[in-house]
Amino acid sequence: MTPARSVHIVTAVAAVSALLLQLILSASGAAVLLATEVPPLGTRLWRLASYFTIQSNLLVAVGAVMLSLDPQRDGRVFRIVRLAGLVGITVTGLVHVFLLRPLLDLTGWSLVADTMLHVVVPVLCVVGWLLLGPRSRIDGAAIVGATVWPVLWLAATLAVGGITDWFPYPFVNFRDQGWGTVAGTCLGILVLFAALFGASWLADRRLPGSARRH
């Protein structure tokens with residue numbers, strides 16, 4: 001087994017395990033992040049799926065599984081999924097460290113799930129990509145395709161939050177924070193996305209690693 005395949009398998013197992021653990025915890029009534037209420041099961045599962053963290057970990061899991069089966073994987077859909085997962089999980093880790101972690105007081109399995117979703121999986125995904133690639137997978141079309149997901153997530157989060165009065169993260173809660181603060185925070189995060197997409201594109205051309213299959 002090649003080093004690349006091994007790393008992709010470990011990343012896939014970590015991401016899937018983290019998602020399953022958080023799913024079990026949510027289904028059993030454990031609080032997610034700063035939640036203080038325990039709504040009905042259907043609402044808990046819908047809210048869980050609404051978290052950017054969960055979606056980014058899911059994208060990483062899908063990309064890692066695809067690479068586990070074929071470390072030289074390529075294709076339009078794969079490029080979008082891989083890039084969206086890579087940049088999304090990077091944002092997940094950074095936002096958690098600087099905006100969310102100071103607010104949390106988790107223990108037990110909730111802390112384990114939180115650490116896996118926000119630290120372990122991001123580190124495995126980013127380090128694995130930096131060291132092993134594969135390369136020549138990031139182009140303009142992939143960037144455009146990968147950008148659709150976070151933009152839709154943000155628009156849907158604000159729209160649904162305005163209707164239901166529930167927001168997955170405090171920094172998008174315009175009811176409490178005000179539109180000005182939320183707009184500034186969201187703009188900063190979108191700038192971070194743009195910078196990460198640009199850095200990923202540049203690194204994809206400069207870093208060593210497996211190139212496109214010929």
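Some notes on this structure:
- Some residue of the range 41-63 being modelled with pLDDT under 95 and touching a Lys or Arg at 6+ places or on another chain (Cβ under 9 Å): no
- Among residues of the range 147-168, those that are touching a Lys or Arg at 6+ places or on another chain (Cβ under 8 Å) and in contact (Cβ under 8 Å) with a residue 40 or more places away in the chain, counted: 2
- Residue list for the range 65-81, restricted to those being part of a helix (DSSP H, G or I) and over 13 Å from the mean Cα position of the chain (by Cα): Val65, Met66, Leu67, Ser68, Leu69, Arg76, Val77, Phe78, Arg79, Ile80
- Some residue of the range 134-143 being over 20 Å from Ser50 (Cα atoms), touching a Pro at 6+ places or on another chain (Cβ under 9 Å) and among the hydrophobic types (A, V, I, L, M, F, W, C): no
- Flag if Ser110 is at positive phi and among the small types (Gly, Ala, Ser): no
- The range 119-134: number of residues that are touching a Lys or Arg at 6+ places or on another chain (Cβ under 8 Å) and among the aliphatic types (A, V, I, L, M): 0
- With respect to being within 23 Å of Arg44 (Cα to Cα), surrounded by fewer than 20 Cβ atoms within 10 Å (Cβ to Cβ) and of a type in the set (Asp, Glu), Asp165 fits the description.
The values are calculated or read from the model by the stated rules, or taken from the named source; none is laboratory data. Bear in mind that the values here come from a model prediction, so they are computed numbers and not experimental data. Reconstructed Cβ throughout: ideal geometry from the backbone, glycine too, with neighbour counts over all protein chains shown.
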